[in-house]
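Please read the structure below before turning to the comments.
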Amino acid sequence: MVSLGNFMTKTLHMKYTKLKYLGFMLLFVIALSFGKCTLSTKEAPDKDKSTIDFSEISNRGELIAGVSTNSTDYFVYRGKPMGFQYEILNKFTEKYGLKLKIVVENDLIKSADYLRKRDIDIIAQSLTITPERKEVFEFTEPIGQTRQILVQRSYPINETDSAETINNQLELSGKTIHIQKGGSSYDRLMNIAEEIAGNINIVENDTLEMEALIRLVANGEIDYTVCDENVAIINKAYYKNIDISIPVSFPQNLAWAVRKESNALKDSINKWLIEYKQTAEYHVIYNKYFKSSRAPQTMASVFYSGKSGKISEYDATIRDAADMIGWDWRLLASLIFQESRFNPSAVSWAGAFGIMQLMPSTADFLGVNRNSSISEQIYAGARYINYLDKLVPESVTTHKDRVKFILAGYNVGFGHVQDAIRLAEKHNYNPNVWDGNVEYFLLHKSNPRFYLDEVVKHGYCSGYQPVNYVNEIIDRYEHYRNVIPLS
């Protein structure tokens, strides 16, 4: 496979036919590597991964999507997973009863490799549809349109800033333009260089995505970049000193990409997407991320994951409390979001109070009350988690299962969890495994067949609530892991 890394910095002399030919061959080889080559026996994937289409995905019950993290596609804001791609993907998976698993990857070349290797089912990014990419992928119905825009500073940031203002595409000759590696900007700039019979020095960056490059322009670290107009507009509202008035392409369709053999997946997405784009819900989601005046405020917030990695204003205490009980602090933060959304004044209909939503009797047991500080309540909640952990049978050996037992107990009381464990034992299920075992009996503990069983000590339980509680905390924790650093 030919690596684009060998071409990260290049001066284009488009008037020479030989270099033009080499550029074409480079694209051809990349397309061949990603989509056309025959794997050797040693490199061949497992038989069950050789063809993964919509039926296999449905049987698996999970769609695995490669998504980039930025201020429009996927991020966490004030503890809540958000983003245009994330929300649209969620609507699609909800339609077909699938779970959504997100693999974060901002490098388009790596995303293409993941797709080729069947590590993901779809690249759910705003990909420009180009002839070269169509040789490699199947594209879905467009999810939107954009054009590519030159990003430059609208005025010097200091006396030593010597960047020249570009007023049209002819003035790109002789300039150095930094772009995201693997994006379609490279092809467009090559065409412009040929059209104007000039030299454009293109620097491809394989570690930074479009928004990071825009930030470098605004800070004066580089002079020019090229990005999609919808991304440029959002960032213009945040970085007041950038100019985004010079287009470098005509309007282009944006779509998701699937493997060539995933025809049923593509058809299912297209059928749904054509109808969904006509709904008011789609336009509300689109406007929220690309037209709302609040989008720049989200970017500027310290609670926007792309800026500081903060989930809440109580992160320091949450980290310390999580260390006390041997938990990932992001897991504890997900529990707290589920309980109170980090609102220390929250009070439930049942009388639970504060940031940890402790019941008065539990709070008294832990030595806190409504007048206790937020830190004291968080530490008390951690002590209660530690108490619940001691109630989990020692035979539950995996951390993943122990966490789920604890979460269920935190929500509904550990007596009901113990009932579900006993029911699992009686019916020859595994009492040490949560998923599909103890979970199943807690979920069905509203059924008289189970809550009237002689092994049940705590009676009826509306099991949907604690099972859903566990699932939502774990799902949110995975989102936190995707975009929030551990340390």
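Every read-out reported here was derived from the displayed coordinates using simple, explicitly stated rules and does not represent laboratory data. As the structure is a computational prediction, the values presented were derived from the model and not from experiment. Methodologically, a virtual Cβ is constructed for each residue, glycine included, from the backbone with ideal geometry; neighbour enumeration extends over all protein chains shown.
Annotations for the structure displayed:
- Paired Rg and Dmax values of the range 283-358, which use every Cα atom, in angstrom: 15.5, 45
- Note on the chain: with charges restricted to the Cβ of Lys and Arg (+1) and Asp and Glu (-1), its dipole about the Cα centre is near 360 debye.
- Percent of Cα pairs exceeding the 34 Å cut-off, where the set is the chain: 47 percent
- Listed residue (LEU273, ALA316, ILE109) projecting farthest to the positive dipole end of the chain, Cβ model: LEU273
- Overall shape of the range 315-483 was characterised from the C-alpha gyration tensor. The equivalent ellipsoid obtained from it has semi-axes of 27, 18, 14 Å, in decreasing order.
- Rounded to the nearest 20 debye, the dipole size of the range 81-156 about its Cα centre is 100 debye, using +1 on the Cβ of Lys and Arg and -1 on the Cβ of Asp and Glu.
- Relative contact order (%) - the chain, alpha-carbon pairs under 8 angstrom, separation at least six: 16 percent
- With the simple model of a label 7 Å out from the Cα in the direction of the Cβ, SER173 to ILE374 spans 6.0 nm.
- Subset of LYS181/LYS271; LYS175/LYS266; LYS101/LYS181; LYS404/LYS457 violating a 29 Å alpha-carbon distance limit: LYS181/LYS271; LYS175/LYS266
- Of all DSSP beta bridges in the chain, antiparallel share, percent nearest 5: 65 percent
- Hydrodynamic analysis of the range 102-226 uses the Kirkwood radius over alpha carbon pairs. Inserted into Stokes-Einstein at 10 °C and 1.306 mPa s, it gives a translational diffusion coefficient of 99 µm²/s.
- Convex hull (Cα only) mean projected area of the range 187-243, reported in nm² to one decimal: 4.4 nm²
- Candidate cross-link partners of LYS400 among the aspartates and glutamates, defined by an alpha-carbon separation under 14 Å and a same-chain spacing of 8 or more, comprise ASP328, ASP389, ASP435, GLU439, ASP475, GLU478.
- When each of GLU454, GLU425 is scored by the number of other beta-carbon atoms lying within 10 Å, the sequence from fewest to most is GLU454, GLU425.
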